[in-house]
Structure formats: C-alpha cells, structure tokens
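To start, the structure under review is shown below, and the notes come after it.
The values are calculated or read from the model by the stated rules, or taken from the named source; none is laboratory data. Predicted model, so just to flag it, every value in this text is computed and none were measured. FYI the Cβ positions are ideal-geometry reconstructions off the backbone, even for glycines, and counts take in every protein chain you see. Quick note on the areas: whole protein, heavy atoms, side chains included, nothing else; ligands and nucleic acids left out. Shrake-Rupley method; radii C 1.70, N 1.55, O 1.52, S 1.80 Å.
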Amino acid sequence: MCGIVGYIGNRQAAPIILDGLAKLEYRGYDSAGVAVFDGSKIHTEKAAGRLAVLEHLTRGGETMPGFSGIGHTRWATHGAPSDLNAHPHTNKQGTIAVVHNGIIENYIPLKKKLEKKGYEFVSETDTEILAKLLDYYYKGNPLEAVTKVLHRVEGSYALGIMFADFPGELYAARKDSPLIVGRNDDGCFIASDVPAILKYTRTVYYMDNQEVACLKADDLQFYSVDEEELSKESVTIDWDADAAEKAGYEHFMLKEMYEQPKTITDTISPRIHENDIVIEELNMSDEELREIRKIHIVACGSAYHAGVTAKYVIEGLARIPVEVDVASEFRYRNPILEQGAMVIVISQSGETADTLAALRESKARGFKVLGIVNVVGSSIAREADSVMYTWAGPEIAVATTKAYSAQLVAMYMLAMKMAKVRGLVDEKTFGSLLSDLRCLPDQVEMLLAQKEKIQHFANRYVGAKDIFFIGRGVDHAISLEGSLKLKEISYVHSEAYAAGELKHGTISLIEDGTLVVAVSTQEDLFAKTISNIVEVKARGAFVMAVTNEGNKAIEKAADYVVYLPETCNWFTNSLAIIPLQLFAYYVALARGCDVDKPRNLAKSVTVE
Ligand code: AGP
C-alpha cells in the first residue's frame, strides 16, 4: 500500500504535500517523491528511503515552488525501492506526471504494446505504464486521456495526475484503492487517508470506484469513467487532529494500546440499549438472525485471529457452526457456501486485497456479507451488504492493537445477540454477560497499568531466539495474536500452539531457557494446561503464565505469572492480550526496532 497526497490552490504546494505524506508514512515508507508545476514545467524530485530523505533533498519543499502538485510515499510491489522506481512517474517529455497506489494487473501486455509504439521505460514499476498510456491518449483533453486509460487498465488504483498543459488542474481517479478529496478556501486536496489533510480541512469526499475528479484552486468536479458529471456529498470529519498524532506517547503503538479502553467503550456503548444489544447496522431481523445455519469468518492476520476467537464465542453462546479462513486461502479453495450461510469479513483498514476479494467471491455466489471494519468509507465498508464499524479511530501503528480489541468486542456482541434471539441465554445470563462486557474497559486499564512490570520481564528476552505461545480453546486464539505481535515488531521468531498439540513434535525445539508463554484462563482446562507447562519445564523451558486471579495452582508450575481480573470465559481474550501486547512492545523496544513501522510491513496490504 502507498500514500498519495495532492494539492492545488493559492498556497505553496510542496510543503503541504510533504506534510501530508508524513502523516501517511505508515502506508509505506521505502521511497517517496513529489512533482510540482513551477510555472513553466513539472518539476519532479524523488528518492529511495524514508520521507526524510526527500524532505532534506527539497529543503522541506523550498526548492520546489509552485501552487499545484502531487506526492507519494511507497511500499514497493513491482520493482525494488529505488530513486527510479519511486513515484511520481512521467512521460518522456515530463509533461505528464502520475502517482499511484494499487496494482495494474495487465501492465505487462500494455507495456509491450507501448514499447511497440516506441515508448521506452526507465523503471521496473507497473505505474510507469500509466504515465506512458496517458501520453498516448492525450490529444489536448486531460479528462479524455484519463478516462481512456481507465478503460484500458485492469487492477486497483488511486491516482493523482498532472498535465503541464493544464497547470490549473489536478486529476484524480480511484478503483479499489482508497482516495479522498478535500476542499477549503485555499484550494483542493487529494489523499489516501484523512490524517494527511486533516490539518487543512475537515470537508472531504470519499471517491467511489471508477470515479474521476478534476480539482482546481477554486472548483471541484467529479465525473464517471464515461465523462458524465457526478455530484457527490461531502463528509465532515469529526476526529480531532491529535487523534491522528502520537499525543505524547513515544510510539503510535503505545498510544493505541492505551486507547483500548476507549475504543472498547466506543464500540460497545452505542449498541447497548436498556440492557439489550441492538446492532441496527446488521440490517437483519431477529427472524433472519435465527435462520443463520452457518457462519464463515474470513480475514487476514490479526483480524483472522479475532475471527478464531469469535468462532469459540459464537459456537459457545449461539451454537451456530463457525468456519474461519484466512482470506488468501478462502478465495482460492472454492469454498462450500450453503443456503443459510452468512459470511463475515473482518478488516481494520477495509482495504486488504485478499479480504476484499473474499467479500466479492461471497457476494458473487449470492451470499450476504457483514463487514467488521474500522475505516469509514473504505472499500470493504462500501461493498459489504452491512457494516458493523469498530469505532477505534485512526490506527497508525502497523501492528494493530486497539482495532483488534474493538473487533473482539464487536464479535462478542454479535454472539450475544444471536444467542439471545435464539433463546439460548436467559435474561439473567445475558445480564451477567452485559455486565462483564461493560467492565472490560476498566479491566484493560488496570492491566495497562502493569506496563513497568511487563517491561522489566521483557528486557530479559531481548536476545531470545525462539518464543512459544501455548493455550487451549480461546487461549489458543489469543496465543496466535500474542505470537504475531511479538514477531512483527521485534523480529523474534515465535510460534503459537494449541497447548495439547505441542507434544506431537514441536516440543523437540524446547531447550534450556526457552521462553514458553502459557495462557490459561479457562477454569475447566487449568489442570490440562498445567500438565503442558510441566511437560515443557521438564525440557528446560522458562514459563510465563497468563491466567485468572485465583488460579494459584499455576504458581507451582510456572516461573512467572501475570494475573487477569475476573471476567466470563468468553471475554478473557480481551484481557489476556494486554500483557502480550506490552511484552511484544517492550521486547521490540529493547531490541531497538522501529515499533510503528516494522521492516517489510505496511499498515494495509492492498496487494495479493
Ligand atoms: C496486524 O498487527 C498486522 N499488521 C496484520 O496482520 C493485519 O492484521 C492484517 O494485514 C489485516 O489487516 P486488516 O485488518 O486491515 O484487513
């Protein structure tokens, strides 16, 4: 995924663009570039490395005067990070410049056709064919050139485009990759995400697929891909600017971990009415909920892990069979979707290509899809039949924390609702569940307060080579997430295992001092998990246990114990994840890793 920013108006464009790109670096940060019309020509500067390299090169934009421009921060897909592969890409004469987020899937045949017509290519990117194709179709009418290109290309794109012949205009287009347009008294903006322009305007337009925008300093017009004029409603963003900044924390990830009590509250409160759960956005009657025969949950990464938790909770409370798939598998395994099935896709960004494709596959087969999404107006949110938003606000750190926690409680509520309409929980039980749900924010707050204790323990594992996470039932689900958190930000290898499965092979990897994190919150499984702890300790492991207050028996088996406050069995993942997030964060910190922007990763994977 990449970040795009553009501006046209009565202020210097380059500083605005660079400022916006800095807010989008979480979308990709291996190279960056800016193109500005300097009064006579398009002036382009681009560089491999972080945005700071480009800022230094252009002295914060001072060396690039001009009132209109486009910029890009890249997460490489086609072509390694390099000056040449960085965007913007231009035609040979430098009179057309384009920045792109997405993948042009038919770029190879298009490139061959253009080469036959004499076009030469200097980069390894798919994006460069857009610049040459625009050149090929441009006969003096920018809109015509843009729409002709859009009819030819296949794949996903968010585009910012400049034509030197029309310095008073900027063009934008979108298909499957997010793009918004902003406007204020000083001009118009394009951006991949709201934080990039929130400092300048709260009035934004979410572009729909295959729409084109023509931005001028004092005008804005939308078109269809067939050049028909469109009118679009603007949206007023009510985030405050700080919400998209670090608010004094060292890292976005730490800030977002500490926002979890609020995001849990923000996600559950609007859906609790007089001791009942009301999920209006489901657009399903109680009768329709009762008719669900099977649920397919499809997602990637941490969202997938939230789905694994949801399987246990929905099957446990609502007794509906649940199948959980990673999206990249679901879409290619010709899944069996039968009448009465419901598909739920979970996605923080709402732009994950595999998850979006799974949504489309399900809809193509005639099945309704519910999206559990965090980013308002994202592709998944717009294409799902219904959307249950996780009100976590902008999540900037690549490693998800608050959005993941919001996904968990959203799924708990869904399970409770389904169980209630099926008459599987009585009023008393439902009331008790609701009470436990309402306690989660304060309990998470209490666990976050233990950060120094966890940090002290984590510092002992700065040199760890392998760490194992084990658990049974929902504790296995949270082990998956704890392991991923550690891997993705500290680069320490770890594996999550169903505690009862470790002895079937992988236990051979346990050596003296190997850390095993045992999550044990299910009272009926305490003894079983303690047996597994004894097994690994017999082979030299050091065991950190994450368990319920009152489970004193585990103290005799484990070396280090983190206690969780009491909650119902179904909700323990929301608590167990806190020490696991803190552990991962502090190991990464001790190892000097870039916690918010881990190597090789991006916040949203909008490519296969
Ligand atoms: C989470 O920490 C990871 N960065 C990653 O696994 C992420 O959960 C996954 O890519 C799915 O993203 P999404 O929720 O935006 O679809």
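Remarks
- Hits in the range 437-459 (condition: farther than 15 Å from Thr567 by Cα and either hydrophobic (A, V, I, L, M, F, W, C) or surrounded by fewer than 14 Cβ atoms within 10 Å (Cβ to Cβ) (or both)): Leu448, Ala449, Glu452, Lys453, Ile454, His456, Phe457, Ala458, Asn459
- Checked against (1) modelled with pLDDT under 95; (2) on the phi < 0 side of the Ramachandran plot, Gly377 passes all but condition (2).
- Total residues in the range 472-492, condition more than 16 Å from the ligand (Cβ to nearest atom) and at negative phi: 4
- Some residue of the range 400-411 being within 16 Å of the ligand (Cβ to nearest atom), touching a helix residue (DSSP H, G or I) at 6+ places or on another chain (Cβ under 6 Å) and assigned to a loop (DSSP other than H, G, I, E, B): yes
- Filtered residues of the range 553-572 (kept if under 16 Å from Ser531 (Cβ atoms) and surrounded by 15 or more Cβ atoms within 10 Å (Cβ to Cβ)): Ile554, Ala557, Ala558
- Of the strands (runs of 3 or more DSSP E) lying entirely inside the range 1-95, those containing at least 1 residues that are open to solvent by 40 Å² or more (accessible area, probe 1.4 Å) and either charged (D, E, K, R) or in contact with a helix residue (DSSP H, G or I) (Cβ under 8 Å, 6 or more places away or on another chain) (or both) are 42-48.
- Any hit, the range 276-286, residues being closer than 20 Å to Met416 by Cα and within 16 Å of the ligand (Cβ to nearest atom): no
- Within the range 220-235, considering residues that are outside any strand (DSSP E or B) and not small (Gly, Ala, Ser), the one surrounded by the most Cβ atoms within 10 Å (Cβ to Cβ): Val225
- So Asn101, is it over 21 Å from Thr44 (Cβ atoms) and either among the aliphatic types (A, V, I, L, M) or in contact (Cβ under 8 Å) with a residue 12 or more places away in the chain (or both): no
- Close contacts from the range 218-240, counting a first residue that is closer than 16 Å to Ala172 by Cβ and a second that is part of a loop (DSSP other than H, G, I, E, B), with Cβ to Cβ under 6 Å and a gap of 6+ residues or different chains, come to Phe222/Lys232; Val225/Gln210.
- Among the conditions (1) without any contact (Cβ under 8 Å) to a residue 24 or more places away in the chain; (2) under 21 Å from Ile577 (Cβ atoms); (3) not hydroxyl-bearing (Ser, Thr, Tyr), Val492 misses just one, which is (1).
- Residues located in the range 110-131, provided they are open to solvent by 10 Å² or more (accessible area, probe 1.4 Å) and touching a Phe, Trp or Tyr at 6+ places or on another chain (Cβ under 8 Å): Lys111, Glu115, Lys117, Tyr119
- Strands (runs of 3 or more DSSP E) wholly inside the range 177-219 containing at least 2 residues that are surrounded by fewer than 24 Cβ atoms within 10 Å (Cβ to Cβ) and at positive phi: none
- A search for C-beta distances below 9 Å between a residue of the range 499-528 that is open to solvent by 50 Å² or more (accessible area, probe 1.4 Å) and any residue that is aromatic (Phe, Trp, Tyr), counting only pairs 6+ apart in sequence or on different chains, returns Leu509/Phe468; Asp512/Phe542.
- The range 248-289 - residue that is outside any helix (DSSP H, G or I) and surrounded by fewer than 12 Cβ atoms within 10 Å (Cβ to Cβ) and, of those, modelled with the lowest pLDDT: Gly248
- Among residues of the range 460-475, those that are open to solvent by 10 Å² or more (accessible area, probe 1.4 Å) and either assigned to a strand (DSSP E or B) or under 29 Å from Gly316 (Cβ atoms) (or both), counted: 3
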